[in-house]
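Undergrad: First the structure, which I've put down as structure tokens, then a few questions once you've had a look.
The values are calculated or read from the model by the stated rules, or taken from the named source; none is laboratory data. Being a predicted model, the structure only gives us computed values, none of them experimental. Virtual Cβ from ideal backbone geometry, glycine too; neighbours counted across all protein chains shown. All accessible areas refer to the heavy atoms of the entire protein, side chains included, with ligands and DNA or RNA removed. Shrake-Rupley method; radii C 1.70, N 1.55, O 1.52, S 1.80 Å.
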Amino acid sequence: MSLKRKRIVVLTGAGISAESGLGTFRDKGGLWDEHDINDVATPEAWIKNPKLVLDFYNKRREMVVTSKPNSAHLALARLEKHFDVQIITQNIDDLHERAGSSDILHLHGEILKARSIQNAESLYHIGGKKIKWGDLAPDGHQLRPHVVWFGEPVPKMYEAEDIVREADIFIVIGTSLNVYPAANLIYVCSPGIEKFIVDLNELTNVKYKNLQHLKGKASERVPELVDKLINGKKQN
Ligand code: APR
């Protein structure tokens, strides 16, 4: 007889990678303080000044390849020994992968991949390499970063909703839940399940029953929560 493992779904945002040295977006001094979204992260920005857009993401890519997973990413990977864990991340970095998590859905794309402006399906792993204006995909069209810009559809959203619906436990880490449709995921999970939010700040925009706020640094609160879940399972 086999017992079904509990399914833990984790939604992560920029806050989980902050202590790996990757800036968040909406905190004081965050990326959107330094850059105007409309200049670097929309289809209109790409039409107006593609070199500026490429430069912005080239810098992001460079920072990602020199960063390392922190104890929060590593703790989530550890959870896999005991639970069926699925990570849905808004982050474009690869820190969950490098920490050892195996089931990761990137809602907003992946910075280490490029794609042709004409074909969103064929992806090219470019690692830390820059994309320059004039760099072409095999189909002869300009390469762009494989990221979702504001105003673009989020193709993985339906898959993410299906994953969240099946969750037995839902954990949200380091996201201000300001960006839709990702922010809706917390309302998709079954109302009765245990839900945790780990964040430096109390998120006042989330009103939900059975929700436990774990206030503090992801590098501290996430390993604590993971230990609690693993120990709780051992006692059952
Ligand atoms: N530990 C825990 N939480 C943290 C930490 C930390 N060390 N540092 C920051 N935070 C929290 C902040 O309090 C905030 O709630 O992380 C959250 C970061 O929020 P945002 O900067 O808005 O990032 P995120 O929610 O991931 O942004 C969503 O917006 O610009 C787009 O596409 C981009 O995927 C991104 C999306």
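Undergrad: Would you point out the residue of the stretch 151-174, among those that are among the charged types (D, E, K, R) and part of a loop (DSSP other than H, G, I, E, B), that is nearest to the ligand (Cβ to nearest atom)? It would help to see each step written out before you state the result.
TA: Step one: of the stretch 151-174, the residues among the charged types (D, E, K, R) are 152, 156, 159, 161-162, 165-166, 168.
Those still in the list that are part of a loop (DSSP other than H, G, I, E, B) too: 152, 156, 166, 168.
Working: Glu152: 10, Lys156: 12, Glu166: 23, Asp168: 23 Å.
For the stretch 151-174, the residue satisfying everything is Glu152.
Each row is one residue, and each column tells you yes or no for (1) within 30 Å of His141 (Cα to Cα); (2) outside any helix (DSSP H, G or I); (3) open to solvent by 70 Å² or more (accessible area, probe 1.4 Å).
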{"site": "Ser17", "(1), (2), (3)": "no, no, no"}
{"site": "Leu22", "(1), (2), (3)": "no, yes, no"}
{"site": "Leu52", "(1), (2), (3)": "yes, no, yes"}
{"site": "Met63", "(1), (2), (3)": "yes, no, yes"}
{"site": "Ala75", "(1), (2), (3)": "no, no, no"}
{"site": "Ile87", "(1), (2), (3)": "no, yes, no"}
{"site": "Ile92", "(1), (2), (3)": "yes, yes, no"}
{"site": "Arg98", "(1), (2), (3)": "no, no, yes"}
{"site": "Ser102", "(1), (2), (3)": "no, yes, yes"}
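Undergrad: Let me ask another. Quick one: Val40 ticks every box in (1) open to solvent by 10 Å² or more (accessible area, probe 1.4 Å); (2) more than 30 Å from Asp103 (Cβ to Cβ); (3) within 12 Å of the ligand (Cβ to nearest atom) bar one, so which box is it?
TA: Of the numbered conditions (1) open to solvent by 10 Å² or more (accessible area, probe 1.4 Å); (2) more than 30 Å from Asp103 (Cβ to Cβ); (3) within 12 Å of the ligand (Cβ to nearest atom), the odd one out for Val40 is (1).
Undergrad: Would you check which residues across the stretch 160-193 are among the small types (Gly, Ala, Ser) and under 17 Å from Gly13 (Cα atoms) and list them? If you could, list the steps in order and put the result at the bottom.
TA: At the first step, the residues of the stretch 160-193 found to be among the small types (Gly, Ala, Ser) are 160, 167, 174, 176, 182-183, 190, 192.
Listed by number, the residues that qualify are Ala160, Gly174, Ser176, Ala182, Ala183.
Undergrad: Among the residues that make up the stretch 17-29, is at least one of them among the hydrophobic types (A, V, I, L, M, F, W, C), in contact with a helix residue (DSSP H, G or I) (Cβ under 8 Å, 6 or more places away or on another chain) and at pLDDT 95 or above?
TA: The first filter runs over the stretch 17-29 and keeps only residues among the hydrophobic types (A, V, I, L, M, F, W, C), leaving 18, 22, 25.
Now drop any that are not in contact with a helix residue (DSSP H, G or I) (Cβ under 8 Å, 6 or more places away or on another chain), which leaves 18, 22, 25.
Going one step further and asking which of them are at pLDDT 95 or above, we end up with 18, 22.
The answer is yes, given that some residue of the stretch 17-29 is among the hydrophobic types (A, V, I, L, M, F, W, C), in contact with a helix residue (DSSP H, G or I) (Cβ under 8 Å, 6 or more places away or on another chain) and at pLDDT 95 or above.
Undergrad: Go through the stretch 178-224 and report how many residues are closer than 27 Å to Gly21 by Cα, small (Gly, Ala, Ser) and either in a loop (DSSP other than H, G, I, E, B) or touching a strand residue (DSSP E or B) at 6+ places or on another chain (Cβ under 7 Å) (or both).
TA: Within the stretch 178-224, residues that are closer than 27 Å to Gly21 by Cα, small (Gly, Ala, Ser) and either in a loop (DSSP other than H, G, I, E, B) or touching a strand residue (DSSP E or B) at 6+ places or on another chain (Cβ under 7 Å) (or both) number 2.
Quick grid of which residues meet (1) open to solvent by 20 Å² or more (accessible area, probe 1.4 Å); (2) at negative phi; (3) in contact with a Ser or Thr (Cβ under 9 Å, 6 or more places away or on another chain):
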| position | (1), (2), (3) |
| --- | --- |
| Val198 | no, yes, no |
| Thr204 | yes, yes, no |
| Gly216 | no, no, no |
| Glu220 | yes, yes, yes |
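Undergrad: Within the stretch 104-124, can one find any residue that is open to solvent by 50 Å² or more (accessible area, probe 1.4 Å), more than 16 Å from the ligand (Cβ to nearest atom), in a loop (DSSP other than H, G, I, E, B) and acidic (Asp, Glu)?
TA: no
Undergrad: Could I ask something else about it? Exactly one of (1) in contact (Cβ under 8 Å) with a residue 40 or more places away in the chain; (2) within 13 Å of the ligand (Cβ to nearest atom) is unmet by Lys6. Its number?
TA: (2)
Undergrad: Condition test on Asn58, is it surrounded by fewer than 19 Cβ atoms within 10 Å (Cβ to Cβ), outside any strand (DSSP E or B) and away from the ligand (no atom under 15 Å from the Cβ)? Can you show your working first?
TA: On the way: surrounded by fewer than 19 Cβ atoms within 10 Å (Cβ to Cβ): yes; outside any strand (DSSP E or B): yes; away from the ligand (no atom under 15 Å from the Cβ): yes.
Yes: the conditions hold for Asn58.
Undergrad: Applying the selection to the stretch 133-143, what residues are outside any loop (DSSP other than H, G, I, E, B) and either more than 18 Å from Arg61 (Cβ to Cβ) or within 15 Å of the ligand (Cβ to nearest atom) (or both)?
TA: Leu136 - this is the single residue of the stretch 133-143 that is outside any loop (DSSP other than H, G, I, E, B) and either more than 18 Å from Arg61 (Cβ to Cβ) or within 15 Å of the ligand (Cβ to nearest atom) (or both).
Undergrad: Could you list, in sequence order, the residues of the stretch 144-171 that are surrounded by 14 or more Cβ atoms within 10 Å (Cβ to Cβ) and either free of Cβ contacts under 8 Å to residues at least 24 places away in the same chain or charged (D, E, K, R) (or both)?
TA: Matches in the stretch 144-171: Arg144, Glu152, Lys156, Glu161, Asp168.
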